[in-house]
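Reviewing the structure listed below.
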Amino acid sequence: MSTMEEPLYPIAVLIDELKNDDIQLRLNSIRRLSTIARALGEERTRKELIPFLSENNDDDDEVLLALAEELGVFIPYVGGVEYAHVLLPPLETLCTVEETCVRDKAVESLCRIGSQMRETDLVDWFIPLVKRLAAGEWFTSRVSACGLFHIAYPSAPEMLKTELRSIYSQLCQDDMPMVRRSAASNLGKFAATVESVHLKADILSIFEDLTQDDQDSVRLLAVEGCAALGKLLEPQDCVAHILPVIVNFSQDKSWRVRYMVANQLYELCEAVGPEPTRTDLVPAYVRLLRDNEAEVRIAAAGKVTKFCRILSPEHAIQHILPCVKELSSDSSQHVRSALASVIMGMAPVLGKDATIEQLLPIFLSLLKDEFPDVRLNIISKLDQVNQVIGIDLLSQSLLPAIVELAEDRHWRVRLAIIEYIPLLASQLGVGFFDDKLGALCMQWLQDKVYSIRDAAANNLKRLAEEFGPEWAMEHIIPQVLEMSTNPHYLYRMTIIRAVSLLAPVMGSEITCSKLLPVVVNASKDRVSNIKFNVAKVLQSLIPIVDQSVAEKTIRPCLVELSEDPDVDVRFFANQALHTIDSVMMSS
């Protein structure tokens, strides 16, 4: 009897847990569906588990979402591709629920299953499902149907294809805006599967209806369709059908639609080709750069470098640069920030002379902007300008501004400058660096903000790697040693951190003669935080120094720390002592 009841046990547990009041138990049960299906076997999964799931779909959205996700990868558990159709009924039901994320996941799982199904099964099972959803009484099922046409269409016979195109056309004219929105957002995927002869006849007329929709939420999704359709059509058809729509959209009364155009315009330029871009799209883009809504200007400003790349430098200077100058003093900080994040990329496009003459003044004004994000975005892309105008000009024009920002009141700006210093150092060379920036690097070690001090310590290590141990021995180590007796314990801690980072770069000899004594002295500090950090640093120095030094200098220091009254100091000291012991044993 027990062997007979064994396979029943998992399904019984599942049913109990799926009906449990505790949502977490129900969720766990759904997430273990694959385990239960394996225990039941393929046939019982098809005949018992899937029908049970189809009936029990009136549950919390979180559980339904998990179910929709699990069913998408369930084909192996029902017997492979030939039985994939048994998974369609529960997912069809999930496509009609009210919660959007559940429907989206159900559509995603149906697409995944449909893409693996055999052609005959698609015709027998999947296409009827799409038609049922498209004719559903509730808008939710019609919304879901729009996302399935691109899977159903390629396998359909000619008669069914005509019917599917007709159904999609009706969905695009549905009374409910939510259905039209879904049809508009899925049009590109559906169009990609439609034959080119029908693309012009049917899809373009559907598209034109959507572009004239009275709801801006539908029109803005049609903008995405412009780019998708543009890639499918021949250039001349694209110019005839898509270009006028884009130009109209760039002047749409809804700022959301104009915002979408500003976001998509670069892709649309690729679709229509260079000549129409110059004659029609450049004026449209200039309009968007001067739009009265800040959000539209932000989107347009973020694409300025990409747009300049597809124009000749002359056109970019003539049409785009005047707008860029206006945007650099825009009333919205977000517009200036968007511009600052991409404007450096214009330098390689415009060439050296135009960069020096036209762009450098804009860079300088943005570097002095009152908002830190704008300044940050310029700093982080300086290397792109350096490649074009060379380090001499860069240092003359931009370096004073960089030095000023190194003392900026916003710590994130100071942090960005620190992170840029090693790159700047490699480009400026050692002589120039010592003159202008060396003192700053030491100054940051005593910043009030921990993140700056930590970044400054890392910066010293990267500079030592860049310029070599000899340079570091002359310019960094003496100043670090001097700061090790700073009266404030937080600054002393930063020096301990800097020593631990510099030691691997400086090598054993300098570490033993110059850095180790600093750490050993710090072990007698009155602050416990310093002492346990000393124990950590000594542990990191063990592999760098000779074993004799580890035994004679590091071990006695750690033994003393291991008897400290503070529990943390003792813990880290003992950890370091274990490391010495294991090193000695392995040798």
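The values are calculated or read from the model by the stated rules, or taken from the named source; none is laboratory data. Computed from a predicted structure; not experimentally measured. Glycine gets a Cβ as well: all are built from the backbone with ideal geometry, and neighbour counts include every protein chain shown. With ligands, DNA and RNA removed, areas are computed over all heavy atoms of the protein, side chains included. Shrake-Rupley method; radii C 1.70, N 1.55, O 1.52, S 1.80 Å.
Taking every DSSP helix (H) stretch of at least 4 residues in the chain, weighting each as -39,500 (n - 2.57) and dividing the sum by the residue count yields a mean residue ellipticity at 222 nm of -19000 deg cm²/dmol.
Annotation note: GluC sites (Glu not before Pro) in segment 108-162 located in DSSP loop regions with a Cβ neighbour count of at most 15 within 10 Å are E137.
Compared with the dominant Cα axis of the chain, that is its longest principal axis, helix 528-541 is turned about 80°. Ranking D353, D408 by solvent-accessible area of protein heavy atoms (1.4 Å probe, all protein chains present), from largest to smallest, gives D353, D408.
Backbone phi angles across segment 465-482, fed through the Karplus curve with coefficients 6.51, -1.76 and 1.60 (θ = phi - 60°), yield HN-Hα couplings of 5, 5, 9, x, x, 4, 4, 4, 4, 7, 9, 9, 4, x, 6, 5, 4, 5 Hz in residue order; Gly and Pro are listed as x. Near R118, no amide H atom lies under 5 Å from its own; only residues 5 or more places off or on other chains count, and H is placed 1.01 Å from N.
Segment 153-221 and segment 476-544 have Cα centres spaced 69 Å apart. Rolling a 1.4 Å probe over the protein heavy atoms leaves H241 with an accessible area of roughly 60 Å². In terms of its C-alpha gyration tensor, segment 454-585 comes out oblate, because a/c is 1.5 or above while a/b does not outweigh b/c. Identify, among P244, P128, P313, the residue whose Cα sits farthest towards the positive end of the charge dipole of the chain, taking +1 on the Cβ of Lys and Arg and -1 on the Cβ of Asp and Glu, with the dipole about the Cα centre. Result: P313, furthest along the dipole toward the positive end. Over all other residues within a Cβ to Cβ distance under 11 Å of Q446, the charged ones net out to +2, with Lys and Arg as +1 and Asp and Glu as -1.
Of L221, L561, the residue with the largest accessible area leads and the full order is L221, L561 (1.4 Å probe). Once the Cα-Cα distance is subtracted from the 0.36 nm per residue extended length, the Q173 to N248 segment shows a gain of 24.9 nm. State log₁₀ I(q)/I(0) for the chain at q = 0.08, 0.11 Å⁻¹ as given by the Debye formula over alpha-carbon point scatterers of equal weight, solvent excluded. Ignoring solvent entirely, the Cα scatterers give -0.88, -0.99.
State whether segment 13-170 is rounded, prolate or oblate according to the following rule on the C-alpha gyration tensor (a ≥ b ≥ c being the square roots of its eigenvalues): a/c under 1.5 gives rounded; otherwise a/b larger than b/c gives prolate, and the remaining case gives oblate. Oblate, since a/c reaches 1.5 and b/c is not below a/b.
Stretched out straight at 0.36 nm per residue, the stretch from K352 to E43 would grow longer than its current Cα-Cα span by 104.0 nm. The label point for A439 and the one for N529, both projected 7 Å from the Cα toward the Cβ, are 2.9 nm apart. Measuring only protein heavy atoms, the 1.4 Å probe finds Y491 accessible over about 50 Å².
Per-residue 3J(HN,Hα) values for segment 24-35, derived from phi via the Karplus relation 6.51 cos²θ - 1.76 cosθ + 1.60 with θ = phi - 60°, read 5, 5, 5, 5, 4, 4, 5, 5, 9, 4, 5, 5 Hz in sequence order (x marks Gly and Pro). A simple spin-label model places pseudo-atoms 7 Å from Cα toward Cβ; at E404 and V559 they are separated by 5.9 nm.
Between the listed residues I544, V569, P478, the Cα displaced farthest toward the positive end of the dipole of segment 476-587, a dipole computed from Cβ unit charges relative to the Cα centre, is found at P478. Here the extension length gained between Y450 and S548 equals 31.7 nm, from 0.36 nm per residue of separation less the Cα-Cα distance. Rounded to the nearest 10 square angstrom, V545 shows an accessible area of 10 square angstrom against a 1.4 Å probe. The distance between label points at F52 and L423 comes to 5.8 nm (points 7 Å beyond Cα on the Cα→Cβ vector).
Here is the list for segment 449-525: trypsin sites (Lys or Arg not before Pro) lying in DSSP coil, each with at most 15 other C-beta atoms within 10 angstrom of its C-beta, are K524. Accessible-area rank, largest first, for V63, V559: V559, V63, with all protein chains present and a 1.4 angstrom probe. The aspartates and glutamates whose alpha-carbon is closer than 16 Å to the alpha-carbon of K306, local same-chain residues fewer than 8 away aside, are E267, E270, E314. Phi angles across segment 226-241 convert, under the Karplus curve 6.51 cos²θ - 1.76 cosθ + 1.60 with θ = phi - 60°, into 3J(HN,Hα) values of 4, 5, 5, 5, x, 6, 8, 8, 5, x, 5, 5, 4, 5, 6, 9 Hz, Gly and Pro given as x.
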